[in-house]
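Written out below as structure tokens is the structure these notes cover.
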Amino acid sequence: MSKVHVFNAGPCLLPQQAIDSTIEALKDFKGTGISVLSISHRTKEWDQTMDECRALWKELLHIPDTHEVVFLGGGASLQFLYVAMNYLEKKAAYLDTGVWAHKALVEAQGIGEAYAIACSKDRNYCYIPKGFEIPSDLDYLHITTNNTIYGTEIRTDMDCPVPLIADMSSDIMSRPVDVSKYDLIYGGAQKNVGPAGVIFAIIRKDSLGRVSRHIPTMLNYKTHIDKLSMFNTPPVFAIYVMTETLRWIKDMGGVEKICEINEKKALTLYNEIDRNSMFIGTADKCDRSRMNVCFVMAPGHEDLQDEFLAFAKGEGMVGIKGHRSVGGFRASIYNACTQEDVEALVKCMQEFENMHK
């Protein structure tokens, strides 16, 4: 079979090192003679994995002692409710930069007063709003740092006068993060740090306990901090694969090195989009995502979209069709996507251009 180049928006391409280690654990987990699929979460061997996973998160992101890391099921969409239940007392603001940011806002509005402090829907979410004022009386400001559908990204950690909460589902571990600036960082694992089935939450411990409402036990972050993410049976398999993926990041040189690699990949692909007469990027250049590169056929070539998709598929490109709300193409170049993969896509784009000169 010829080589395929995977650009799926999620679940992500996982590093081969993590896949190979997982294959062995499927047969025998840590010498127990039991598959990781059948291991009890109450064994010392599993405790070791949970401890290692938590320690790798803290090491790779330089997480301060003020914060704790927990692992939960339910996906990042359930975290939209967790956030409001644990932090919304009087009023919260949301930066509305796309579908997932808006869904988080809607979920909060079911709990209390929440509103969009700024919104980029007027241009189909192709930019990150700027220059908005943050009132000092907010319980928190919620941001979505990377918008997978539209290819925009908040690339720096903002200074915020109120507690800052971020959904980092699709760019966590892709760049260094100043965790101290956030009360909560959360996200699904399936973009950069593992398979679908587990979420991470990095929580400032003293940020909890500020709401007067009763919080159901399972929706209370403190429950999961106190029980070391094992109040109920954790998503064992997904956490194991996450641990192996974090090991790979560490072996690659850590998040700092991964960031360098990601910047080179993104620059390579965006340079080709800007050069190639057949294509045009959809996100404002200053807000382009380094994780999800979105582009469409250039004016005058719109009728060639399906032809390019078919051509690219024949050349081994997988998952580059854009989201239905945007159209065109989307190449998701998460951590495990290689420079070789990106260069193969660039070559494909160049060949398509030559075919139509």
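The values are calculated or read from the model by the stated rules, or taken from the named source; none is laboratory data. Just so you know, these numbers come straight off a predicted model, no measurement behind them. Every residue, glycine as well, gets a Cβ built from its backbone with ideal geometry; the counts of neighbours run over all protein chains shown. For accessibility, only protein heavy atoms count, side chains too; no ligands or nucleic acids. Shrake-Rupley method; radii C 1.70, N 1.55, O 1.52, S 1.80 Å.
Structure data summary
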read-out	value
Some residue of the stretch 170-189 being free of Cβ contacts under 8 Å to residues at least 60 places away in the same chain and in contact with a Phe, Trp or Tyr (Cβ under 6 Å, 6 or more places away or on another chain)	no
Failed item, numbered, when Tyr150 is tested on (1) hydroxyl-bearing (Ser, Thr, Tyr); (2) surrounded by fewer than 23 Cβ atoms within 10 Å (Cβ to Cβ); (3) under 27 Å from Ala189 (Cβ atoms)	(2)
So Phe352, is it among the hydrophobic types (A, V, I, L, M, F, W, C) and under 19 Å from Val4 (Cβ atoms)	yes
Members of the stretch 76-95 found to be open to solvent by 10 Å² or more (accessible area, probe 1.4 Å), touching a strand residue (DSSP E or B) at 6+ places or on another chain (Cβ under 8 Å) and outside any helix (DSSP H, G or I), listed by number	Lys90, Lys91
Residues of the stretch 1-13 satisfying the condition of being out of contact with any His (no Cβ under 8 Å at 6 or more places or on another chain) and either more than 27 Å from Ile34 (Cα to Cα) or open to solvent by less than 40 Å² (accessible area, probe 1.4 Å) (or both)	Met1, Ser2, Lys3, Val4, His5, Val6, Phe7, Asn8, Gly10, Cys12
Verdict on Asp274 being more than 20 Å from the chain's Cα centre (by Cα) and within 24 Å of Ser120 (Cα to Cα)	yes
Per-region count, the stretch 212-238, residues open to solvent by less than 30 Å² (accessible area, probe 1.4 Å), of a type outside the set (S, T, N, Q) and either more than 23 Å from Asp65 (Cα to Cα) or without any contact (Cβ under 8 Å) to a residue 12 or more places away in the chain (or both)	4
Selection status of Val193, over 22 Å from Leu81 (Cα atoms) and of a type in the set (A, V, I, L, M, F, W, C)	yes
Test result for Ile117, under 30 Å from Gly327 (Cβ atoms), crowded, with 18+ Cβ neighbours inside 10 Å and in contact with a helix residue (DSSP H, G or I) (Cβ under 9 Å, 6 or more places away or on another chain)	no
Filter result for the condition that a residue is among the acidic types (Asp, Glu) and closer than 28 Å to Val293 by Cβ, over Asp96, Asp47, Asp51, Asp28	Asp96
Cβ pairs under 7 Å, 6+ apart, first in the stretch 329-343 and within 14 Å of Asn192 (Cα to Cα), second among the polar types (S, T, N, Q) and open to solvent by 30 Å² or more (accessible area, probe 1.4 Å)	Ser332/Asn8
Matching residues, the stretch 183-205, being among the small types (Gly, Ala, Ser) and part of a strand (DSSP E or B)	Gly187, Gly188, Ala201
Cβ-Cβ under 7 Å pairs, at least 6 apart or on other chains, the stretch 130-149 side in contact (Cβ under 8 Å) with a residue 24 or more places away in the chain, far side among the basic types (Lys, Arg) and open to solvent by 40 Å² or more (accessible area, probe 1.4 Å)	Asp137/Lys91; Leu138/Lys91; Asp139/Lys90; Asp139/Lys91
From the options Ser174, Ser180, residue that is at pLDDT 95 or above and either closer than 20 Å to Phe80 by Cα or in a loop (DSSP other than H, G, I, E, B) (or both)	Ser174
So Arg290, is it within 17 Å of the chain's Cα centre (by Cα) and basic (Lys, Arg)	yes
Residue among Arg275, Arg247 that is surrounded by fewer than 20 Cβ atoms within 10 Å (Cβ to Cβ) and under 30 Å from Ser35 (Cβ atoms)	Arg247
Total residues in the stretch 20-48, condition touching a residue at least 40 places away in the same chain (Cβ under 8 Å) and among the aliphatic types (A, V, I, L, M)	4
Those residues of the stretch 148-171 which are in contact with a Gly (Cβ under 9 Å, 6 or more places away or on another chain) and not in a loop (DSSP other than H, G, I, E, B), in sequence order	Thr152, Ala166, Asp167
Options Asp137, Asp171, Asp167; residue that is open to solvent by 40 Å² or more (accessible area, probe 1.4 Å) and out of contact with any Leu (no Cβ under 7 Å at 6 or more places or on another chain)	Asp137
Enumeration of residues in the stretch 178-221 that are within 13 Å of the chain's Cα centre (by Cα) and under 19 Å from Asp157 (Cβ atoms)	Ile185, Tyr186, Gly187, Lys191, Asn192, Val193, Phe200, Ala201
